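Encoded as structure tokens, the structure appears first; notes follow it.
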Amino acid sequence: MRNIKFTISYDGTDFSGWQAQPGQSTVQGTLTDVLEKLTGRRLTIYAAGRTDAGVHAAGQVVNFKTQSPVTTEEFQRAFNALLPPSIRVNAAEEVGPDFHSRWDALAKTYRYRIFRGRVVPPFLWRFVQHDPLELNFDAMAEAARYFIGEHDFTSFAASTGSEEDDRERTTIRTIYHSEFLRSQNPNSHNSAE
């Protein structure tokens, strides 16, 4: 059995999140449908993390196990040919049998962007929160530092659907870095992160 790892990116605007859901368009469901076309088998694709509806990813790591003889390069080309343009496979490689994208993830980076201009350009509106009102940047920078450290995110965690899995998982996470940045980049149109 081969274990294939992809690094993917996606615009989550038109998806109901990562996780496959009956009757919903999801990133996992879309990838699984393509994989089934290529292998003739309905296989499971695992991700380093699940994103909510409308959330984007720039470097999501996923993996699946298959007996298919298709090379990683062929998998990458075929996926990109069959996927909608909102999902891209940026890299593909074969990894060891014990690799699991979720359990082997060492860290995740999240970025939240606020567009400060009066009118959001049409090529940015899907990727920013629009807030042209006055913001207290010093207070926001100070608040960002309070995220650093170990925290229990139980109140943010949804059930996996399995009582056994829910009992065994931990919702304690360590935030290593949190900062507020102001950008004067002309491409950011006066944005804040």
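The figures follow:
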item: Of I172, I114, I45, the one that fluctuates the most in a GNM where the chain has Cα springs shorter than 10 Å; result: I172
item: Added length on full extension, which subtracts the Cα-Cα distance from 0.36 nm per residue, I172 to A139; result: 9.3 nm
item: Between helix 27-39 and the chain: long-axis angle, C-alpha atoms, 0 to 90°, nearest 10; result: 20
item: Between 0 and 90°, nearest 10: helix 72-82 axis offset from the chain longest Cα axis; result: 70
item: Among R167, R145, R77, residue whose mean-square fluctuation peaks in a GNM of the chain (springs only between Cα atoms under 10 Å); result: R167
item: Max mean-square fluctuation residue, GNM over the chain, Cα-Cα springs under 10 Å, options E94, E163, E134; result: E163
item: For F15, residues with placed amide H under 5 Å, excluding near neighbours; result: G54
item: Cut-off 13 Å between beta-carbons: net charge of the residues surrounding L82, Lys and Arg +1, Asp and Glu -1; result: 0
item: Net +/- balance of residues flanking E142 in space, Cβ distance below 15 Å, scoring K and R +1, D and E -1; result: 0
item: Rg and Dmax of region 1-89, Cα atoms only, in Å; result: 12.1, 34
item: Positive dipole terminus of region 2-95, leading residue within A78, V27, S68 (C-beta point charges); result: S68
item: Relative intensity, log₁₀ I(q)/I(0), of the chain from a Debye sum that treats every alpha carbon as a point, q = 0.12, 0.13, 0.18 Å⁻¹; result: -0.74, -0.85, -1.31
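None of the figures in this text is laboratory data; all of them are computed from the coordinates on show. Just so you know, these numbers come straight off a predicted model, no measurement behind them. Every residue, glycine among them, receives a Cβ derived from its backbone with ideal geometry; neighbour counts consider all protein chains shown.
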